[in-house]
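Worksheet: one structure, shown below.
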Amino acid sequence: MSSDTPNTPQRAPAGGPPPHPSAPGKEQDPDWANGLRQLYDSVVEEPLPDSFQDLLDKLDVKD
Amino acid sequence: MSDHERTAADKADFKRELTEVVPHLRAFARGLCGRADMADDLVQETLLKAWAAQERFQPGTSMRAWTFVILRNAYLTDMRRNRFRGEYDETVAERVLTAPAGQEEPIHLSDMHRALLTLPPERREALLLVGAGGFSYEEAATICDCAVGTIKSRVGRARAALNAMLADGNIPKRSIGDSAAHRAILQELDDVASGMGSSRS
C-alpha cells in the first residue's frame, strides 16, 4: 500500500492539515481497494499530451 | 483585474504549480467522466478557468484541491447538459488488479473503471477523491462543498456498491464490438444506481 503517487510536491502540506493518503480506507480494505489508486496513478503516470503544454504555453501570452 | 497587482514572479509560481497538477487533474477527470478525450477537454477547460481566477488562489494552499474544485464544477455543469453519461473508455489498460479466491476471472483495472462508472456521480467523485486521490474526508468535503458526514456516507455507499460488483464478480461486461449497446447498459445501470431505474436489479 505504499504505492502512493510519485513525484507529487503538491501533495505536501501547505496551509491546511496534512493530507492522509491512506487514512480513510482503513475500516475495510477489500482486494480491489488499491485498484482505485492504481486507476488514478495509471493516468497520472501517462505522458502528457502535447496539447497541454501548448495550452500552458499560451496562458502567459494571453495576459 | 484585482487590487493586488500580481507580479511576473507570482504568475510564474502559479503556472508552475498549475503545471504540476495537470496529471492529477487528468486522473480525476478520467475517473469522473470515463472517456479520455472528454476528460482531457475538461482539464483544458479547468486550466483556462484556473488561470483566469488565479488571483483567488492563496499561495501556500493546495493547488491540487483548488483546481479539483474548478474541475468538479465544470464537470457538473457539463453533466447537467448531459454531455457525459459515464461512457467507458476502451483504452484503459488491461492490468490485473487482483484474483479473488474462488473466482474464475481475475479483476482487471478496466473492470474497476467500468464498475466505478456505474456509480452515481456524487458517489463516484467522493470515492475518487478519498480512495484514489488520497484526500482526507475533510479535504474531500471542502472540495465537494458538503459536510464531512455526507462524504463519509457517499464513500461508504460507493465502496459497498463496488464491493458487490467486484467481489461478487458482477461487473458490467463490455459488449464486444458494440459500444453503443454498452453505453446504453452503463446508462441504465447509472439510472438504477441513482434510483431512477425500474426493472433492473
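Read the figures in this text as sums done on the coordinates, not as results from a lab. Since the structure is predicted, the reported quantities are computational estimates derived from the model, not experimental observations. So basically every Cβ, Gly included, is an ideal-geometry build from the backbone, and we count neighbours across all protein chains shown.
Some points to look at:
- Annotation: amide H-H contacts under 5 Å for B:His108 (H modelled 1.01 Å from N, sequence separation of 5 or more, or interchain): B:Leu97.
- For the peptide B:123-136, the mean number of other protein chain Cβ atoms found within 10 angstrom of a residue's Cβ is 5.
- Label separation (B:Asn170 vs B:Lys49): 3.5 nm, computed from points 7 Å beyond Cα along the C-beta direction.
- Anisotropy class of the stretch B:8-80 from Cα gyration tensor, a/c 1.5 cut: prolate
- Residues within the reach of a label modelled at B:Thr150 (point 7 angstrom out along Cα to beta-carbon, backbone nitrogen below 15 Å), restricted to the stretch B:116-133, are B:121-127.
- Sorted fewest first by neighbouring Cβ atoms within 10 angstrom, A:Ser51, A:Ser42, B:Ser62, B:Ser136 come out as A:Ser51, A:Ser42, B:Ser136, B:Ser62.
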